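The values are calculated or read from the model by the stated rules, or taken from the named source; none is laboratory data. Note that the coordinates shown come from a computational prediction; the quantities given were computed from them, not determined experimentally. Neighbour counts run over all protein chains shown; Cβ positions are idealised from the backbone, glycine included. In case anyone asks, the SASA skips ligands and DNA or RNA and just uses the protein heavy atoms, side chains included. Shrake-Rupley method; radii C 1.70, N 1.55, O 1.52, S 1.80 Å.
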Amino acid sequence: MTTNQAVLDWLNTEPDWDAPAGRDPMVPVTDGPVSADVTAPSAATLASVTGAERMDMVFDYVRREVARSVGVTPAALDTERTLVSVGVGSMLGLELQYRLRSSLGVAPELTELLMAKDTHALAAMVVALLGAGG
């Protein structure tokens, strides 16, 4: 995604036309209660697992944080879409960045976070930062 595309996505006020039929695209989807509290894996746990397990743990944590940010359950979050297209704008992005930094000690810059191709790409950024910081 280019910077111009990120700006256009951010400014997009049209409903999500990819929403399933029969669902109001402007109403968040939930498959149950949205978690108000998300717990990150500890540094010791992340250090003690293989690279693939570390990626899985960080992805699961990032997915839950993104879902909480946009008000859906993790199961309802489309992890294959850009963060902006699932509802993460500049303010939610700042909150997400703060939560990542508070819980893991690292977070991508806001522009990188907002331009992430999808939740998997954001998790990969976090893993890379953890590797550089640890």
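Here's the yes/no breakdown for (1) of a type in the set (V, I, T); (2) open to solvent by less than 60 Å² (accessible area, probe 1.4 Å); (3) modelled with pLDDT under 95:
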{"site": "V62", "(1), (2), (3)": "yes, yes, no"}
{"site": "S69", "(1), (2), (3)": "no, yes, yes"}
{"site": "V86", "(1), (2), (3)": "yes, yes, yes"}
{"site": "A121", "(1), (2), (3)": "no, yes, no"}
{"site": "V127", "(1), (2), (3)": "yes, yes, no"}
{"site": "L130", "(1), (2), (3)": "no, yes, yes"}
{"site": "G134", "(1), (2), (3)": "no, no, yes"}
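Could you tell me whether segment 36-47 includes any residue that is within 15 Å of S103 (Cα to Cα), at pLDDT 90 or above, open to solvent by less than 40 Å² (accessible area, probe 1.4 Å) and part of a loop (DSSP other than H, G, I, E, B)? Scanning segment 36-47, I find at least one residue that is within 15 Å of S103 (Cα to Cα), at pLDDT 90 or above, open to solvent by less than 40 Å² (accessible area, probe 1.4 Å) and part of a loop (DSSP other than H, G, I, E, B), so the answer is yes. Listed by position, the helices (runs of 4 or more DSSP H) contained in segment 48-134 that have at least 2 residues being in contact (Cβ under 8 Å) with a residue 24 or more places away in the chain and closer than 15 Å to V38 by Cβ are 51-70, 90-104, 119-133. Using the structure shown, decide if A40 is within 20 Å of A124 (Cβ to Cβ) and of a type outside the set (K, R). Taking the combined requirement at face value, the residue satisfies it.
All of T50, T73 fail the test of being farther than 15 Å from G131 by Cα and either surrounded by fewer than 18 Cβ atoms within 10 Å (Cβ to Cβ) or at pLDDT 95 or above (or both), apart from T73.
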